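The values are calculated or read from the model by the stated rules, or taken from the named source; none is laboratory data. Since the model is a prediction, treat every value here as computed from it, not as a measurement. FYI the Cβ positions are ideal-geometry reconstructions off the backbone, even for glycines, and counts take in every protein chain you see. For accessibility, only protein heavy atoms count, side chains too; no ligands or nucleic acids. Shrake-Rupley method; radii C 1.70, N 1.55, O 1.52, S 1.80 Å.
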Amino acid sequence: MKIRVSDITEKEKNLSGEEQLSLYPTLLQVQSSGECEFLSPVGFSLSIAREYDHIRVNGSVNTEVRLSCSRCLGEFSTPITSLFTIFYTRSEEDIPEDEVELGETDLVSASYNGDEIDFADEIAAQILLGLPYKPLCTDDCKGLCVTCGTDLNVTACSCSENDVSLVFSPLKGFKVKQ
Ligand SMILES: [Zn+2]
Ligand SMILES: [Zn+2]
């Protein structure tokens, strides 16, 4: 998503749409690393205006991804949404890139060269920020039993009840008798 700087005025301009993942090499990289699979195109909604000595972009991005639960290893899909505000200044001013967390919204400073701003990097960065660090299929996922590997969301196991489960454990020969 690009915009000509000379088209940006003090009157807010709204841009929204969807773009295919192929336009976002960083997201493709994350997908090929196996961290997640993108199930929908990247949706964005930006409002852009000139303000003082910078260009302010308020935006939101969204997509849908398939992740592996960090507790039960089950796959699940979840929407990813990220809200942000970016202040773009001309790079000649050499203002260092900085990022400040402000509640639900990320405030980001970025710079541009020439007469065009390309939002692709920031959109990709915001999508990645929206990915959970420790994905959970549900907030109260019970995970896998550390002893027998049973998915405790599906069925209970009897590991906590004495040693009944040793019958079902492929590693029972290595266990120390209790
Ligand atoms: Zn889970
Ligand atoms: Zn168990």
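Right, P96: at pLDDT below 75 and not acidic (D, E) or not?
Answer is yes for this residue.
Take the conditions within 23 Å of the chain's Cα centre (by Cα) and open to solvent by less than 40 Å² (accessible area, probe 1.4 Å) and apply them to G34. Does it pass?
Judged against the criteria, G34 is not a match.
Which residues, counting only those in region 34-45, are within 20 Å of S82 (Cβ to Cβ) and modelled with pLDDT under 95?
Within region 34-45, E35 is the sole residue that qualifies.
Scan region 126-163 for residues that are more than 10 Å from ligand 1 (Cβ to nearest atom), aliphatic (A, V, I, L, M) and touching an Asp or Glu at 6+ places or on another chain (Cβ under 9 Å) and report the count.
2
Rundown of residues vs (1) part of a helix (DSSP H, G or I); (2) without any contact (Cβ under 8 Å) to a residue 60 or more places away in the chain, yes/no style:
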residue: I123; (1), (2): yes, no
residue: Q126; (1), (2): yes, no
residue: P132; (1), (2): no, no
residue: L136; (1), (2): no, no
residue: D140; (1), (2): no, yes
residue: C148; (1), (2): no, yes
residue: N153; (1), (2): no, no
residue: S158; (1), (2): no, yes
